[in-house]
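Single-structure report; data block below.
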Amino acid sequence: MKGLHLVTIACMLIFTAGDRGIGPGQGVPTSGCPSEELFLPCKCEGSAVIQCNKAETTDEVVESFKQKFEDFGAFGTFHMKNTTVSKIPSRLFGPAKFYSFRITGNLNLYTVEDNAFAGSEPFAELIDMSNNAIFSSSVFQAISKLGRLQYINLENNSLIEVPDNAFGKQLLQFISLRNNKIQSVGQYAFQHLASLQRLDLRDNLITMLQDNVFYFVQTTVDYISIALENNKIYDVSNGALVGLKRSELLLINNLLTTLKAEAFQPYLENIVKFEGRAIVLKDNPFYCDCHVKWIVENKSYWPYIGAMICHDGRAIQSYTVEELEEC
């Protein structure tokens, strides 16, 4: 778990750094801003930060960014926190460009249109849009256009799905979609994310994993950790896990009653072959019968199956082949 902790710590440092006026664009001059009077309710402040924390409507922000900016390069961070703004429309920021966006705690913010971050494609590395009310999947179209993006936080919103091909060919290392209302994750949603290390889908309403949901064209990292704790997953399609090699899969507290050989055996073969990490299965209502005999017969899988406790309170590794009748 050491690698995972390092990624999590790194992400926490990056996500908290902006609150101290530190970011990828630190030191970029703020002299490119419009005059203070014309720019209200937004304002420029230290370390190349623009904030619109006093905005009440989307139109107010739109009008602010219609003002003239002198092109001195990209600003460090755009902040908008705890406002009543309802939408981030396409091309909102006009000529202004940013290395990071921190748009958080806006409880009326429902929609991020598909060209919302236009102009920042060569610069944007981080987006924190946690604790809003975003439900429209157009936010994924907006994000997918930012090729240099490394971190995205969409925790605590109202998203109901991750669409097919949700992300583009990007540098993303960390994605958090925790605590939304996601019911389904589309095919090939993450396929071009070669640098992805951590995908957090905890605390959602996902019921099944469909084919190619975790297919990757290639990966350049040692491990990918996929967190699916506290969902409602009761079924995993036969082709759902075929794209995972060096990975950690956390399926704690779901509704799995068995592990189908067709779905899980190729995944476990890859873990053994590529020296991957565990599949953690704590707190699922497993019924261990002939359908999991394939696990008992293959002891090479046992070290990689974590906390699979059967209906009788025994770990799957404690069974013998003779105890499991033929199907």
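Numbers for the structure displayed
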{"quantity": "Residue selected from segment 160-215 under the condition of a type in the set (Val, Ile, Thr) and open to solvent by 50 Å² or more (accessible area, probe 1.4 Å), by the criterion nearest to the chain's Cα centre (by Cα)", "calculated": "Ile160"}
{"quantity": "Where a residue in segment 56-80 is among the polar types (S, T, N, Q) and its partner, wherever it lies, is open to solvent by 20 Å² or more (accessible area, probe 1.4 Å) and part of a strand (DSSP E or B), with Cβ under 8 Å and at least six apart", "calculated": "Thr58/Lys87; Thr77/Tyr99"}
{"quantity": "Phe98 vs. criteria aromatic (Phe, Trp, Tyr), more than 23 Å from Asn180 (Cβ to Cβ) and either more than 16 Å from the chain's Cα centre (by Cα) or open to solvent by 60 Å² or more (accessible area, probe 1.4 Å) (or both)", "calculated": "yes"}
{"quantity": "Any hit, segment 298-315, residues being open to solvent by 60 Å² or more (accessible area, probe 1.4 Å), part of a helix (DSSP H, G or I) and acidic (Asp, Glu)", "calculated": "no"}
{"quantity": "Set Val236, Val242: member being open to solvent by 50 Å² or more (accessible area, probe 1.4 Å), among the hydrophobic types (A, V, I, L, M, F, W, C) and in contact with a helix residue (DSSP H, G or I) (Cβ under 9 Å, 6 or more places away or on another chain)", "calculated": "Val242"}
{"quantity": "Flag for Ile152 being touching a helix residue (DSSP H, G or I) at 6+ places or on another chain (Cβ under 9 Å) and either assigned to a loop (DSSP other than H, G, I, E, B) or touching a residue at least 24 places away in the same chain (Cβ under 8 Å) (or both)", "calculated": "yes"}
{"quantity": "Long-range neighbours under 6 Å by Cβ, at least six apart or interchain, first residue under 15 Å from Trp294 (Cβ atoms) and at pLDDT below 95 within segment 311-324, second open to solvent by 60 Å² or more (accessible area, probe 1.4 Å) and part of a helix (DSSP H, G or I)", "calculated": "Val321/Glu297"}
{"quantity": "Failed criterion for Ser130 (all others in (1) in contact with a Phe, Trp or Tyr (Cβ under 8 Å, 6 or more places away or on another chain); (2) touching a residue at least 40 places away in the same chain (Cβ under 8 Å); (3) within 20 Å of Phe167 (Cβ to Cβ) hold)", "calculated": "(1)"}
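The rows are residues; the columns are (1) closer than 19 Å to Gly32 by Cα; (2) open to solvent by 30 Å² or more (accessible area, probe 1.4 Å); (3) in contact with an Asp or Glu (Cβ under 6 Å, 6 or more places away or on another chain).
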residue	(1), (2), (3)
Lys66	yes, yes, no
Thr84	no, yes, yes
Pro89	no, no, yes
Ile103	no, no, no
Ala133	no, no, no
Phe140	no, no, no
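The values are calculated or read from the model by the stated rules, or taken from the named source; none is laboratory data. All of these numbers come straight from a predicted model, not from anything done at the bench. FYI the Cβ positions are ideal-geometry reconstructions off the backbone, even for glycines, and counts take in every protein chain you see. Protein only, heavy atoms only, side chains kept; ligands, DNA and RNA dropped before computing areas. Shrake-Rupley method; radii C 1.70, N 1.55, O 1.52, S 1.80 Å.
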